[in-house]
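Take a look at the structure below.
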Amino acid sequence: MKDILIIGGGLGGLITSICLADKGYNVLVIEKKEYPFHKVCGEYISNEVKPFLQSIGLNLADLCPSEISRLKVTSPLGAEVNMQLDLGGFGLSRYTLDRALYELAKSKGVSFLLKGQVEDVNFEGDSFNIKLQDGSEHYARIVVGSFGKRSNLDRQLNRKFFFKRSPYIGVKYHIRTEFPDDLIALHNFKDGYCGISKIEDNKYCLCYLSSRNNLKDHGNIDEMEKEVLFRNRHLKYIFENSDFLYKKPEVINEISFEKKEAVSNHLLFCGDAAGMISPLCGNGMAMAIHSAKILSELISIHFVKSSLDRQLLEAQYSSKWNELFSTRLFVGRQIQKLFGQDLMTELSIRFLNSAKPVSRQLIKMTHGKPF
Ligand SMILES: Cc1cc2nc3c(=O)[nH]c(=O)nc-3n(C[C@H](O)[C@H](O)[C@H](O)COP(=O)(O)OP(=O)(O)OC[C@H]3O[C@@H](n4cnc5c(N)ncnc54)[C@H](O)[C@@H]3O)c2cc1C
């Protein structure tokens with residue numbers, strides 16, 4: 001019987017494991033892949049996480065991230081807005097960041113079961129029984145679901161969003177190119193947008209969100225890029241003047257921004273499993289890290305204070321999660337609606353350019369504060 005079993009070793013799962021191991025609990029993380037590995041993600045991380053990452057012992061400077069302080073947003077018809085980012089962020093690949101957190105977690109005594117896919121979770125009596133694809137079983141007092149935006153377990157847990165099809169697909173490359181070190185650019189195209197910013201080792205992350213229809217209409221990723229993305233001149237230039245470092249891109253589909261719940265069937269969700277913000281206007285990674293922090297704090301109180309029983313733990317976590325993130329998610333969904341169609345994107349960007357204080361306020365509303 002483990003104290004805590006964590007399903008999914010992305011940012012949410014790794015941070016939760018580190019915080020709980022620091023408090024002396026025995027923690028098992030089950031991750032279906034093996035570190036290090038690439039993930040579809042824009043790899044721009046808000047500086048709001050820096051004090052916290054330092055507090056758990058991650059020395060970011062060792063990983064050589066880029067420092068990013070400016071934002072550019074463009075439309076396919078030519079409008080653009082350029083802004084200083086008040087808080088700013090850094091660029092670091094998930095390959096490097098997740099591996100560093102995995103090493104840190106191991107050094108703090110967290111156990112890992114890699115290449116293990118959880119197939120079934122059941123709450124019986126006052127503990128959990130977890131079944132893996134290979135037939136093995138595990139038991140734990142608390143289970144954290146940090147299995148990302150969409151997992152086989154969402155179906156097993158009968159979560160509503162899973163059964164609603166989502167039109168979004170995500171594609172990511174690492175490239176070498178000529179591009180300012182301190183800039184993150186978001187270049188819009190029909191039904192999607194593509195971000196570019198520097199990461200470690202003089203590389204750049206080029207990552208976009210597009211739609212299933214764009215892909216269906218053009219048959220394959222290459223054609224979709226030429227026919228849809230290249231209509232934004234900035235993207236055409238980047239794609240035609242860069243070295244692409246993977247043989248093929250990382251691709252995911254069915255990315256859903258629907259509402260989810262932070263607790264269900266006594267499972268405590270963190271990161272994207274609890275709710276995902278549109279990458280156009282928010283920082284999912286900072287949210288995953290912050291939700292892991294508040295969840296691990298409450299779990300460790302639950303283990304020492306009988307007054308915070310399971311029911312109260314679940315209620316307090318849900319309420320804290322909503323307090324911290326639900327406005328961000330709501331604003332993020334509304335902003336996302338302004339983009340996608342050429343004319344609407346053009347008008348939105350012109351407006352954001354002429355009303356910089358409003359733009360600054362929108363950025364604030366979709367981001368957090370240092371924690
Ligand atoms: C196109 C795109 C661009 C983005 N760009 C940015 C950005 O620039 N900045 C930003 O802050 N955020 C960005 N995000 C969001 C960010 O990637 C996520 O918010 C973040 O990865 C959430 O971390 P997580 O730990 O919740 O999930 P993940 O990092 O996805 O980790 C979940 C883990 O669970 C594992 N898993 C799943 N199911 C099982 C199972 N059954 N058993 C065992 N393991 C399992 C997976 O293998 C995975 O490693 C972007 C997202 C997309 C789609």
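Tabulated results
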read-out: Residue within segment 36-45 that is more than 10 Å from the ligand (Cβ to nearest atom), touching a residue at least 12 places away in the same chain (Cβ under 8 Å) and out of contact with any helix residue (DSSP H, G or I) (no Cβ under 6 Å at 6 or more places or on another chain) present; value: no
read-out: Residue satisfying all of: in segment 263-275; surrounded by fewer than 24 Cβ atoms within 10 Å (Cβ to Cβ) and part of a loop (DSSP other than H, G, I, E, B); nearest to the ligand (Cβ to nearest atom) among these; value: 265
read-out: Filter result (out of contact with any strand residue (DSSP E or B) (no Cβ under 9 Å at 6 or more places or on another chain), over 21 Å from residue 29 (Cα atoms) and assigned to a helix (DSSP H, G or I)) within segment 285-315; value: 304, 311, 312
read-out: Residue pairs meeting the criteria (Cβ under 6 Å; at least 6 apart or on separate chains; first part of a loop (DSSP other than H, G, I, E, B), in segment 333-353; second surrounded by 17 or more Cβ atoms within 10 Å (Cβ to Cβ)); value: 338/348; 339/188; 339/345; 340/191
read-out: Answer from 75, 55 - the residue that is in contact with a helix residue (DSSP H, G or I) (Cβ under 9 Å, 6 or more places away or on another chain) and polar (S, T, N, Q); value: 75
read-out: Pick from segment 179-219, criterion acidic (Asp, Glu) and touching a residue at least 40 places away in the same chain (Cβ under 8 Å), ranking: farthest from residue 60 (Cα to Cα); value: 191
read-out: Those residues of segment 343-371 which are closer than 15 Å to residue 190 by Cβ and surrounded by fewer than 15 Cβ atoms within 10 Å (Cβ to Cβ), in sequence order; value: 343, 344
read-out: Failed condition for residue 120, given (1) farther than 30 Å from residue 187 by Cα; (2) away from the ligand (no atom under 16 Å from the Cβ); (3) assigned to a strand (DSSP E or B); value: (2)
read-out: Exclusive hit being of a type in the set (D, E, K, R) and touching a residue at least 60 places away in the same chain (Cβ under 8 Å), set 328, 310; value: 310
read-out: Residue within segment 278-291 that is at positive phi, within 12 Å of the ligand (Cβ to nearest atom), under 15 Å from the mean Cα position of the chain (by Cα) and not aromatic (Phe, Trp, Tyr) present; value: no
read-out: Segment 178-191, residues that are over 15 Å from residue 342 (Cβ atoms) and either away from the ligand (no atom under 14 Å from the Cβ) or assigned to a loop (DSSP other than H, G, I, E, B) (or both); value: 178, 179, 180, 181, 182
read-out: Which numbered condition residue 55 fails, given (1) near the ligand (Cβ under 6 Å from one of its atoms); (2) free of Cβ contacts under 8 Å to residues at least 24 places away in the same chain; (3) among the small types (Gly, Ala, Ser); value: (1)
read-out: Residue match in segment 130-144 (condition: more than 24 Å from residue 234 (Cβ to Cβ), basic (Lys, Arg) and either touching a residue at least 24 places away in the same chain (Cβ under 8 Å) or part of a strand (DSSP E or B) (or both)); value: yes
read-out: Residue within segment 28-49 that is on the phi < 0 side of the Ramachandran plot, assigned to a helix (DSSP H, G or I) and surrounded by fewer than 24 Cβ atoms within 10 Å (Cβ to Cβ) present; value: yes
read-out: Residue match in segment 86-93 (condition: assigned to a helix (DSSP H, G or I) and among the charged types (D, E, K, R)); value: no
read-out: Helices (runs of 4 or more DSSP H) wholly inside segment 192-242 containing at least 1 residues that are more than 16 Å from the ligand (Cβ to nearest atom) and among the polar types (S, T, N, Q); value: 212-218
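Where a number appears in this text, it was derived from the coordinates with a stated rule and is not lab data. For clarity, every value in this text was computed on a predicted model and none was experimentally measured. In this analysis, Cβ positions are derived from the backbone assuming ideal geometry, glycine residues included, and neighbour counts consider all displayed protein chains.
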